[in-house]
1. Which one of the conditions (1) surrounded by 14 or more Cβ atoms within 10 Å (Cβ to Cβ); (2) farther than 21 Å from residue 95 by Cα does residue 44 fail to meet, given that it meets all the rest?
2. Residues to consider are 313, 297; find the one that is touching a helix residue (DSSP H, G or I) at 6+ places or on another chain (Cβ under 8 Å), in the same structural domain as residue 131 (by TED's automatic domain parsing) and either in a helix (DSSP H, G or I) or at pLDDT below 95 (or both).
3. Only one of 205, 189, 229 is more than 30 Å from residue 255 (Cβ to Cβ), in contact (Cβ under 8 Å) with a residue 24 or more places away in the chain, under 42 Å from the mean Cα position of the chain (by Cα) and not assigned by TED's automatic domain parsing to the domain that holds residue 255. Can you tell me which?
4. Got a sec? Which of 130, 158, 139 is surrounded by 14 or more Cβ atoms within 10 Å (Cβ to Cβ) and farther than 30 Å from residue 212 by Cβ?
5. Residue pairs, Cβ under 7 Å, 6 or more apart or interchain, first in the stretch 381-396 and surrounded by 11 or more Cβ atoms within 10 Å (Cβ to Cβ), second not in a helix (DSSP H, G or I). List them.
6. Can you list residue pairs whose Cβ atoms sit under 7 Å apart, with the first residue in the stretch 148-176 being at positive phi and the second being modelled with pLDDT of 90 or more? Count only pairs 6 or more apart in sequence or on different chains.
7. The conditions are (1) free of Cβ contacts under 8 Å to residues at least 40 places away in the same chain; (2) part of a helix (DSSP H, G or I); (3) closer than 25 Å to residue 87 by Cβ, and residue 355 fails exactly one of them. Which is it?
């Protein structure tokens with residue numbers, strides 16, 4: 001082989017020559033394989049002359065030879081040059097003629113040269129995560145609201161503070177711009193005078209009795225939480241089936257025990273505080289680590305191989321489509337999606353992900369951060385329990401599809417990010 005190499009950022013191209021004798025040996029091997037299976041009138045199977053096989057299957061044989069030799073010699077030449085491709089080679093200028101060497105060019109991508117700088121100077125916010133007494137009391141109040149009961153009111157009309165139990169049909173007002181889809185709901189509780197109740201519902205249901213029916217318009221503001229209704233006017237027909245009052249449970253030992261193994265309300269308060277502090281600390285750490293990664297990327301700019309970006313876009317779309325399928329989106333609906341637009345929308349995030357992963361790997365190398373066998377075992381054990389499979393089955397599947405390497409990389413990146421967070425104080 002007599003390779004040449006051209007460099008341009010993360011792109012590489014090498015010229016490779018495969019000796020004529022090697023091409024000849026591979027060609028003869030392919031001819032022999034075709035002889036064993038070929039059927040030709042006048043010849044027994046396995047006795048078709050090589051000259052006929054060569055003439056009849058010339059293009060197929062050439063394709064087989066190319067597919068067998070090019071990947072092998074490409075890997076050998078890349079290894080000889082000390083190059084580590086991160087993409088499949090794109091072959092061009094291929095010359096294949098009988099009795100001559102096979103010559104071709106292979107274009108591919110490699111990882112960028114990253115000169116890691118400034119990671120030990122990174123500083124993160126270590127915010128206060130203490131929880132106040134008032135926040136705990138508000139959480140207790142929210143728990144009481146979640147466990148409220150609703151009791152029927154007899155002999156009077158709905159008043160402020162009551163809940164009207166209704167079924168409703170809403171239709172977009174004719175002639176209004178941006179008409180929406182009809183709305184239908186059954187057994188809805190509407191709080192008369194409630195903070196989140198539209199004024200039109202309060203005004204028209206105040207004074208209503210069970211069995212009443214009211215028709216009225218509702219004008220939704222442009223900033224309405226439900227974007228399907230924002231800025232639109234709907235005409236509602238509302239049927240009242242009952243009037244109810246909300247009753248909150250007493251904040252006592254019985255209530256505490258109903259929520260779990262709590263001896264009393266103080267024990268419940270302690271658990272609430274502990275959980276809130278844990279969640280607040282976790283969120284603060286996550287936000288701080290995100291900022292560390294952003295700053296690490298800002299300090300270390302480099303070109304990202306296009307192939308790695310495309311792979312990350314694939315992963316992001318796969319996760320997104322799985323999530324949509326879990327929410328009930330059908331295969332037919334997915335087929336109608338504009339994948340080109342979706343891919344373009346994921347590009348910036350995918351580029352960020354790849355940069356972060358490459359930089360964290362560099363930091364891990366610099367700090368000799370490794371993943372132990374025990375940590376890998378714990379992860380595999382956890383996956384086995386989640387999927388209710390044996391550890392052996394999970395490990396075999398992961399080994400086959402490269403999952404073990406992905407898990408090791410993820411754990412290593414997490415440990416590296418934790419290192420950056422701890423040393424940034």
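1. (1)
2. Details: 313 fails: in the same structural domain as residue 131 (by TED's automatic domain parsing).
One residue alone meets the criteria, 297.
3. Values: 205 fails: under 42 Å from the mean Cα position of the chain (by Cα); 189 fails: more than 30 Å from residue 255 (Cβ to Cβ).
Result of the check over 205, 189, 229: 229.
4. Working: 130 fails: surrounded by 14 or more Cβ atoms within 10 Å (Cβ to Cβ); 158 fails: farther than 30 Å from residue 212 by Cβ.
Step by step, each of 130, 158, 139 is checked, and only 139 is surrounded by 14 or more Cβ atoms within 10 Å (Cβ to Cβ) and farther than 30 Å from residue 212 by Cβ.
5. 384/390
6. From the stretch 148-176, the pairs are 161/192; 161/193.
7. Every listed condition holds for residue 355 apart from (1).
Let's see how each residue does on (1) part of a helix (DSSP H, G or I); (2) farther than 28 Å from residue 77 by Cα; (3) at pLDDT 90 or above:
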{"position": "7", "(1), (2), (3)": "no, no, no"}
{"position": "12", "(1), (2), (3)": "no, no, yes"}
{"position": "17", "(1), (2), (3)": "no, no, yes"}
{"position": "25", "(1), (2), (3)": "yes, no, yes"}
{"position": "31", "(1), (2), (3)": "yes, no, no"}
{"position": "36", "(1), (2), (3)": "yes, yes, no"}
{"position": "45", "(1), (2), (3)": "no, yes, no"}
{"position": "48", "(1), (2), (3)": "no, yes, no"}
{"position": "55", "(1), (2), (3)": "yes, yes, no"}
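The values are calculated or read from the model by the stated rules, or taken from the named source; none is laboratory data. All of these numbers come straight from a predicted model, not from anything done at the bench. Cβ sites come from the backbone with ideal geometry, for glycine too, and all protein chains shown count toward neighbours.
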